[in-house]
Amino acid sequence: MLPEGTQKEQIVVDLEPGSEWRFESEADENIAIRVLSHEPVFINSEELPLATWYPIHRYTKGAIYSPTQARVEVTSLPASQYTSTSTIHPQLLNVHLALERTRLLARRYLLSSITNAEGIQRGPRVMVMGPPSSGKTTIVKNLVNLALSSGMGWTVGVGGLDPSSPSNLIPGTLSLSTPSHPIPTHHLAHPFGSPPTSTPSNTLSADIPTIGWWLGGLEPSNKNAEVWKALVDRMGQEWNKRCETDKTALASGLIMDTSSAFTNPLLATKKDDPKARYTLVSQAVDAFDIDTILVIGHEKLHIDLSRLPSLQSKGVNVVRIPKSGGVVDLDDQARELVHSFQIRSYFYGEPPLPIEISNLMGKMVGIDGSLNPYSFQIGWETLVVLRVGEENSAPSSALPLGSSRTLSPTRLTRVDPSGPAHVVRLLNTVLAIVDIKPEDRIKSDKKPKIEEVKTEGEEIEGQEEEEEEEDMEEVPFVEEIGTREVLGFIVITAIDAQKKKYTILSPSPGKLPSTVAIAGSIEWVDSA
């Protein structure tokens, strides 16, 4: 605390026209920013409100951009901060203007049936690609905020095909969201805004309607390629359904973030077609009817995609844009920290503001409050835990000699919690809850057996145990539920083998919306 009668020295950052102030906050660095001049100042193309404190939590990396000369007050200077006139905002603005023109022509056609020379009948559908730490998520966020700030009432779709950096859900998720106002940048847990919660939201909180699909891994691979394709096809179908009933969404278009694994040309290439390249890229283009691909700074990737026959036949425009000089390379430790923040914020809500920020004099932008998760126990037989994909089945080497696997690549496997811990891998595992309908259940072919009453209790008990083991191994649901949109997420925090019960952490109290959950490889231990 400062001594009474003293004031903290004011820290002011002067921005030249077309420059940006870049910062990288560390573990103990929470800052707040306030615009002092009347000229507009932006963070990820969201205009900062005048004379209002804008909090930014620790570990956040970003840049404040000013197209004209401006002054910004900062509560404290991070250890790593500097001003640069090298910015890609002019290029982003050019991309935005081209996309905005397409939206306007599409709206005129959809609402007034006014045709145009280019034959544009719907809004732009853009996919952003690039190597790791190239700024893909930042580019997507800027383009979305530019569209939402235009005042035209757009409802741009945001596609998240990067499970390591999900839109606003848990890592391992693919998502579709439709923000209606610019997305803020308060902390690293929600790159595309926060998901809807049970607490009241405010106009600046980015409470965004979102639907998600559970991959259960941080990136597509050859092992989960078929599951990935099924999920992307599902996402494309849902987006097309939305556009069929919502002309504004159809005219607004879609901007999609992608995994850095997409830059691998041999990813998901099958043995029967060894010359295929960028298989997952072509599949995503087909699923969402992508018309433009933005490649960030990767010259070879730009050339490869421009020559890809599957994209040429569809007339997809491949455009290369420069990589920002302010992009920060993240190591594995930094990525794990981000993932932990994202999972924790799903259960506990926004991190609290430190006292030195919350007690600032003057107006403060509204942010979401904290949540109160709920922990309870549930029986093994009540919560059905499944895994999706061929990688969870028995290895091919275990098959009889000369035989081949005929299992579906999206088959379901039930997890037996009584098995070895290193095999089951359920403790601290994130589970995705899926909705189950009556028609999803598979009727058992077992017929009830009528037997004479046994007098030896041990024999009867042994029979019951065998039947129980058989029931635990069965998957009484159709495969389709494994690639269905999820209802929410829980975490198994403890396993009681004696009582045969899980202890789970749920984001809200009350009964689970479904007792069928999908497990993946995402684990989380609350260390905060």
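The values are calculated or read from the model by the stated rules, or taken from the named source; none is laboratory data. Everything quoted here is computed from the prediction, not taken from an experiment. Using ideal geometry, Cβ is built from the backbone for each residue, glycine included, and neighbour counts are taken over all protein chains shown. Ligands, DNA and RNA are excluded from the accessible area calculation, which covers all protein heavy atoms including side chains. Shrake-Rupley method; radii C 1.70, N 1.55, O 1.52, S 1.80 Å.
Any chance you could run the full-extension gain for residue 299 through residue 523? It's 0.36 nm times the residue separation minus the Cα-Cα distance, nm to one decimal.
Numbers: separation 224, 0.36 × 224 = 80.64 nm, distance 3.60 nm.
77.0 nm is the gain from fully extending residue 299 to residue 523.
Using a 1.4 angstrom probe on heavy atoms only, work out the carbon and sulfur share of the accessible area of the chain in %.
Numbers: 13420 of 26380 Å².
Percent of accessible area from carbon and sulfur atoms in the chain: 51.
Calculated FRET efficiency, residue 442 to residue 85, Cβ-Cβ distance, R0 = 56 Å: about 0.30 to the nearest 0.05.
Considering every Cα-Cα pair within segment 295-395, what fraction, in whole percent, is farther apart than 19 Å?
Working: 3849 of 5050 pairs.
Roughly 76 percent, once rounded to a whole number.
When 260, 167, 358 are compared by accessible area of protein heavy atoms, the largest-first order is 358, 260, 167, using a 1.4 Å probe.
Students sometimes get this wrong: rank 523, 226, 439 by accessible area, probe 1.4 Å, all chains present, largest first. Show your work: numbers first, answer last.
Details: 523 105, 226 60, 439 125 Å².
Solvent-accessible surface, decreasing: 439, 523, 226.
Ellipsoid semi-axes for segment 299-340, based on the Cα gyration tensor and the rule √(5λ), read 32, 14, 9 Å when sorted largest first.
So for the chain, averaging the separation of alpha carbon pairs under 8 Å that are six or more residues apart and normalising by length, what relative contact order in percent results?
On the way: 1058 pairs, mean separation 77.4, N = 528.
Rounded, it is 15 percent for the chain.
Go ahead and run the numbers for FRET between residue 73 and residue 335, Cβ-Cβ distance against an R0 of 30 Å, rounding to 0.05. Walk me through the numbers before you get to the answer.
Details: r = 32 Å, r/R0 = 1.07.
For R0 = 30 Å, the calculated efficiency reads 0.40.
Loop-resident trypsin sites (Lys or Arg not before Pro) (DSSP state other than H, G, I, E or B) in segment 247-299 with no more than 15 further Cβ atoms inside 10 Å of their Cβ: 270, 271, 275.
Using a Förster radius of 45 Å, what is the FRET efficiency between residue 266 and residue 376 based on their Cβ-Cβ separation? Nearest 0.05, please. Write out the running numbers ahead of the final one.
Numbers: r = 46 Å, r/R0 = 1.02.
According to the calculation, E is roughly 0.45.
Using only alpha carbons, segment 265-309 has a radius of gyration to Kirkwood radius ratio (Rg to Rh) of 0.97. For the chain, the spherically averaged projection of the C-alpha convex hull amounts to 31.4 nm².
Remark: segment 110-193 projects, on average over all directions, an area of 6.8 nm² (convex hull of Cα atoms). Over segment 103-247, accessible surface divided per residue gives 36 Å², non-protein components excluded, 1.4 Å probe. Gyration tensor over the Cα atoms of segment 89-321: the corresponding equivalent ellipsoid has semi-axes (square roots of 5 times the eigenvalues, largest first) of 26, 23, 17 Å.
By how many nm would the segment from residue 101 to residue 328 lengthen if fully extended, with 0.36 nm per residue of separation less the alpha-carbon distance?
Extra length from residue 101 to residue 328 when fully extended: 78.5 nm.
Of the trypsin sites (Lys or Arg not before Pro) found in segment 492-528, those that fall in a DSSP loop while having at most 11 other beta-carbon atoms within 10 Å are 499, 511. Computed from label points 7 Å out along Cα-Cβ, the spacing between residue 51 and residue 93 is 2.7 nm. Could you please state, rounded to a whole Å, how far the C-alpha centre of segment 327-347 is from the C-alpha centre of segment 270-316? For segment 327-347 versus segment 270-316, the Cα centre distance is 29 Å. With the simple spin-label model, which puts each label point 7 Å out from Cα in the Cβ direction, the residue 152 to residue 498 separation comes to 6.6 nm. Paramagnetic label reach from residue 428 (point 7 Å along Cα→Cβ; backbone nitrogen cut-off under 17 Å): within segment 492-509, residues 492-496, 503-505.
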